[in-house]
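S.K.: Please see the structure below; I have some questions.
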Amino acid sequence: MLIAATALPLGDIHPTPISKKTPGTYILAYTIDMLLNGNFITPIEEKHQKALTFLAAFVISLISLTLKRLPAFFATILSIIAIKLVTDMLFYHYLLYMYFSPFVFALLLTHLIVIVYTNTLKSVS
């Protein structure tokens, strides 16, 4: 049991990813609960991260090659949003942390490569 004052004027309020104003006692209680129950945030293994990034880039390249440029760009943006939702679901439901920036970089790079490839094919024809 933790006993502490949680009133705003006392100044024991801290920002967290969940809330802008979390009392310090709550943070301590969550930390103790995590240590007692073993609910740790664990990152996804690097090989699984790379496999998912490659799969997402491959799918978006197939979509980009079959659609025209503008819809393919929207497909890229929608896939980035979908990946963000999946990473958030993995975190909040299974406490698995997945780095989001490699996905975004891989998808945007793949989209750029597909655009350059299709433009070179058009100029050769």
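A short reminder: the numbers here are calculations on the coordinates, not readings from a lab. This one's a predicted model, so the numbers in the text were calculated from it and none came from an experiment. Positions of Cβ are backbone-derived with ideal geometry, glycine not excepted, and every protein chain shown enters the neighbour counts.
S.K.: From the alpha carbon gyration tensor of the stretch 42-124, can you work out the equivalent ellipsoid semi-axes (sqrt of 5 times each eigenvalue) and give them in Å, largest to smallest?
M.R.: Semi-axis lengths for the stretch 42-124 are 28, 12, 8 Å.
S.K.: Now, a different point. Considering only Leu121, Ile77, Leu67, whose Cα is most displaced toward the positive end of the charge dipole of the stretch 35-125, charges sitting on Cβ of Lys, Arg (+1) and Asp, Glu (-1)?
M.R.: Leu121
S.K.: Also, quick follow-up: With helices defined as uninterrupted DSSP H runs, which ones in the chain have an alpha carbon span along their own long axis of at least 27 Å and mean Kyte-Doolittle hydropathy of at least 0.0?
M.R.: 46-66, 69-94, 101-124
S.K.: What does the helix-only formula give at 222 nm for the chain: each DSSP H stretch with n ≥ 4 adding -39500 (n - 2.57), the total divided by the residues, and the result rounded to the nearest 500 deg cm²/dmol?
M.R.: Calculated from helices alone, the mean residue ellipticity at 222 nm is -23500 deg cm²/dmol.
S.K.: About the Cα centre of the chain, how large is the charge dipole given +1 on each Lys and Arg Cβ and -1 on each Asp and Glu Cβ? Please answer in debye to the nearest 20.
M.R.: So the dipole magnitude of the chain works out to roughly 600 debye.
S.K.: Going by the alpha-carbon gyration tensor, a ≥ b ≥ c the square roots of its eigenvalues, is the stretch 1-40 rounded (a/c under 1.5) or, if a/c is not under 1.5, prolate (a/b greater than b/c) versus oblate?
M.R.: The shape class here is oblate.
S.K.: Same structure, new question: Give the distance, in whole Å, between the Cα centre of the stretch 62-125 and the Cα centre of the stretch 16-31.
M.R.: 35
S.K.: What trypsin sites (Lys or Arg not before Pro) does the stretch 31-110 have in DSSP loop regions with at most 10 other beta carbons within 10 Å?
M.R.: Lys68
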